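Here's the structure, in structure tokens; my notes come after.
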Amino acid sequence: MRRAGRLAAALLGVALGPGALAMTTHMLFTRLAFTLPTAARPLHTKDSPGTAAGQVAILTPTQGVDFSPYLLRLIGSIKQNWYAVIPDTAKMGDKGKVVLRFRIQRDGTIFAKEPTVESSSRKEPLDRAAILAIRNTAPFERLPDAFHGPCIELRFTFLYNEKVEPKK
């Protein structure tokens with residue numbers, strides 16, 4: 001079995017026999033999308049099996065604060081919780097895109113009725129998994145001390161078996 005297949009199997013916590021690489025291939029295309037705003041420095045992540053990459057946008061003015069380290073940790077936590085709730089239909093190749101918005105308060109909590117669905121996949125299990133990933137991760141870390149606003153608003157894009165669209 002190829003190294004990528006073994007790594008994906010280890011990350012998924014499953015033992016793969018011969019020919020089982022096809023199942024992990026589907027997971028290669030399940031992604032959490034993120035893009036940093038222009039005010040933040042570029043974020044370089046390497047895509048690997050069982051991991052996610054894609055688009056997160058800070059919708060709030062950043063006051064010149066570099067949120068890159070904060071977002072890296074946030075994305076890692078959300079990905080871990082997302083993988084725990086990804087529906088079987090997505091693991092078998094179901095496609096969809098879910099865009100969520102939510103605000104993180106200074107103490108790391110989110111507002112009770114958030115996240116909100118900005119764009120639905122029109123597939124309830126996919127939408128529910130994305131929402132649960134955010135809710136199960138909260139509360140988040142406190143916002144950086146250098147940021148003096150009451151909260152930051154984020155837009156997260158969850159892609160199920162779809163490619164990340166390049167920024168134009």
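Could you grab me the full set of residues in the range 90-116 that are surrounded by 14 or more Cβ atoms within 10 Å (Cβ to Cβ) and over 20 Å from residue 77 (Cβ atoms)?
91, 93, 94, 95, 96, 97 - these are the residues of the range 90-116 that are surrounded by 14 or more Cβ atoms within 10 Å (Cβ to Cβ) and over 20 Å from residue 77 (Cβ atoms).
Among (1) within 18 Å of residue 91 (Cβ to Cβ); (2) touching an Asp or Glu at 6+ places or on another chain (Cβ under 9 Å); (3) part of a loop (DSSP other than H, G, I, E, B), there is one condition residue 164 misses while meeting the rest; what is its number?
Residue 164 satisfies all of (1) within 18 Å of residue 91 (Cβ to Cβ); (2) touching an Asp or Glu at 6+ places or on another chain (Cβ under 9 Å); (3) part of a loop (DSSP other than H, G, I, E, B) except (1).
Considering 106, 122, which residue is over 15 Å from the mean Cα position of the chain (by Cα), at pLDDT 95 or above and on the phi > 0 side of the Ramachandran plot?
The unique qualifying residue is 122.
Specify which of the listed residues (100, 74) is touching a residue at least 40 places away in the same chain (Cβ under 8 Å), under 23 Å from residue 161 (Cα atoms) and part of a helix (DSSP H, G or I).
Of the residues listed, the single one that is touching a residue at least 40 places away in the same chain (Cβ under 8 Å), under 23 Å from residue 161 (Cα atoms) and part of a helix (DSSP H, G or I) is 74.
Given the residues 116, 157, 137, which is the only one that is under 17 Å from the mean Cα position of the chain (by Cα) and without any contact (Cβ under 8 Å) to a residue 24 or more places away in the chain?
Working: 157 fails: without any contact (Cβ under 8 Å) to a residue 24 or more places away in the chain; 137 fails: without any contact (Cβ under 8 Å) to a residue 24 or more places away in the chain.
Sole residue among the options that is under 17 Å from the mean Cα position of the chain (by Cα) and without any contact (Cβ under 8 Å) to a residue 24 or more places away in the chain: 116.
The values are calculated or read from the model by the stated rules, or taken from the named source; none is laboratory data. Remember, it's a predicted structure, so these values are computed and weren't measured experimentally. Ideal geometry is used to build each Cβ from the backbone, glycine not excepted, and the neighbour counts take in all protein chains shown.
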